[in-house]
Amino acid sequence: MKQLIAAIVVTMALSVLAAQAAEPVNVSADDFTIDQTSNSATFAGNVVITRTGLKLWADKVLVLYGSGGQSDIDSLTATGNVRIKTDSQDATGAKATFDPDTLILKLSGNVTVVNAQGKLNGPELTINLKTNNSVFKGNKGGRVTGVFTPQ
C-alpha cells in the first residue's frame with residue numbers, strides 16, 4: 001500500500017511540471033518516507049526526477065498534499081544542489097518550490113541559468129508557467145548579472 005501511495009504522490013506532484021499529464025514520471029532516491037500525519041512524502045539522497053524534456057536533481061524533495069489525499073498536491077520543494085534541465089536550458093540553485101495551483105516555480109539561492117543565448121545569475125528566479133513570464137530578481141544587495149551571446 002505504501003508503494004502505491006508513493007507512486008500516486010509522485011505522479012500527481014510532478015505531472016504539473018510538464019504539459020502532457022499522461023507521461024510517466026520516473027523518480028529515484030536513496031530513501032523515501034510517507035508521513036500521513038503531516039500529509040507529506042519525502043525523497044532524500046541523490047534524488048533524480050525525469051520526464052520527457054525535463055530532469056530535476058536535488059538532495060531532497062518534499063511533496064505536501066492536502067485534505068483530498070495524494071491527488072491533492074499543495075506544493076513541491078526541492079532543496080540542496082538543485083538542478084533543473086530542459087531541452088533548451090540548465091538552471092541551478094539551492095532551492096526550488098512549485099505551487100501547482102498557481103503554476104509558479106521559484107528557484108532561489110545563487111541561481112544560474114544557461115542556454116544558447118547566454119548565462120544569467122542572480123539570487124532568485126520566478127517563472128509563471130501559466131503566462132510564460134519569468135522574473136530574475138536581485139534582493140538584499142544581490143544583483144542580476146548576465147553574459148549574452150549574439151546569434
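Just so it is clear, none of the values below were taken in a lab; they were calculated from the coordinates. Values in this document were obtained by computation on a predicted structure and should not be read as measured data. Methodologically, a virtual Cβ is constructed for each residue, glycine included, from the backbone with ideal geometry; neighbour enumeration extends over all protein chains shown.
Quick notes
- Net charge in the neighbourhood of residue 65 (other residues with Cβ under 9 Å of its Cβ; Lys, Arg +1, Asp, Glu -1) is -2.
- FRET efficiency, 1/(1 + (r/R0)^6) with R0 30 Å, evaluated for residue 110 and residue 87 via beta carbons: 0.80
- Computed over the stretch 74-146: relative contact order in percent, which uses C-alpha pairs under 8 Å that are six or more apart: 22
- All aspartates and glutamates inside 12 Å of residue 95 as judged from Cα atoms, apart from same-chain residues fewer than 8 positions distant: 59, 124
- Between the stretch 29-58 and the stretch 93-110, the Cα center-to-center distance that results, in Å: 15
- Segment residue 148-residue 30, length gained on full extension (0.36 nm per residue, minus Cα span): 38.7 nm
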